[in-house]
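Structure first, then comments.
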Amino acid sequence: MFKTNEYFDGKVKSIAFETAEGPATVGVMAKGEYVFGTSTVEHMTVTSGAMEVKLPGETQWKTYREFQTFIVPKDVKFSVRVDGDTSYRCLYK
């Protein structure tokens, strides 16, 4: 069955599932700023709302809107901030 995950005192929640492309999660984030760590390459797609993202080695935040994807390398930390409830899909490669 599906595995659910909860982070940052319940402000980020996700459900894990399998796709034809590999393991994935769909989730939601409440307004706030977060730092995530990766153990695989992650393809993050915003599905509702917008995310400001600062990837490793970057000095500027970049905004990703609905249906835009960014790729996060393996074994790094990256920062995300959202102005309101935002949903996403993360595909693990």
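The values are calculated or read from the model by the stated rules, or taken from the named source; none is laboratory data. Computed from a predicted model, the values in this text were never measured in an experiment. All Cβ positions, even for glycine, are placed from backbone atoms using ideal geometry, and neighbour counts span all protein chains on display.
Taken over region 69-93, the residue count meeting the criterion of being over 10 Å from Glu42 (Cβ atoms) and assigned to a loop (DSSP other than H, G, I, E, B) is 4. Whenever a residue of region 66-93 is within 13 Å of Leu55 (Cα to Cα), its partners that are charged (D, E, K, R), lying with C-beta atoms within less than 6 angstrom and at least six residues away or across chains, give the pairs Val72/Glu42; Ser79/Lys54; Arg81/Glu33; Arg81/Glu52.
What are the residues in region 27-41 that are under 14 Å from Val12 (Cβ atoms) and either surrounded by 16 or more Cβ atoms within 10 Å (Cβ to Cβ) or out of contact with any strand residue (DSSP E or B) (no Cβ under 8 Å at 6 or more places or on another chain) (or both), if any?
Of all residues in region 27-41, those under 14 Å from Val12 (Cβ atoms) come to 27-37.
Gly27, Val28, Met29, Tyr34, Phe36, listed by residue number.
Taking the condition loosely packed, with under 15 Cβ neighbours inside 10 Å and either over 13 Å from the mean Cα position of the chain (by Cα) or part of a strand (DSSP E or B) (or both), does Lys13 pass?
On the way: loosely packed, with under 15 Cβ neighbours inside 10 Å: no; either over 13 Å from the mean Cα position of the chain (by Cα) or part of a strand (DSSP E or B) (or both): yes.
Taking the combined requirement at face value, the residue does not satisfy it.
Looking at the structure I just gave you, is Tyr92 more than 10 Å from the chain's Cα centre (by Cα) and at pLDDT 95 or above?
Numbers: more than 10 Å from the chain's Cα centre (by Cα): yes; at pLDDT 95 or above: yes.
Criteria met by Tyr92.
Are any residues in region 24-67 among the aromatic types (Phe, Trp, Tyr) and assigned to a loop (DSSP other than H, G, I, E, B), and if so, which ones? Trp61, Phe67, listed by residue number.
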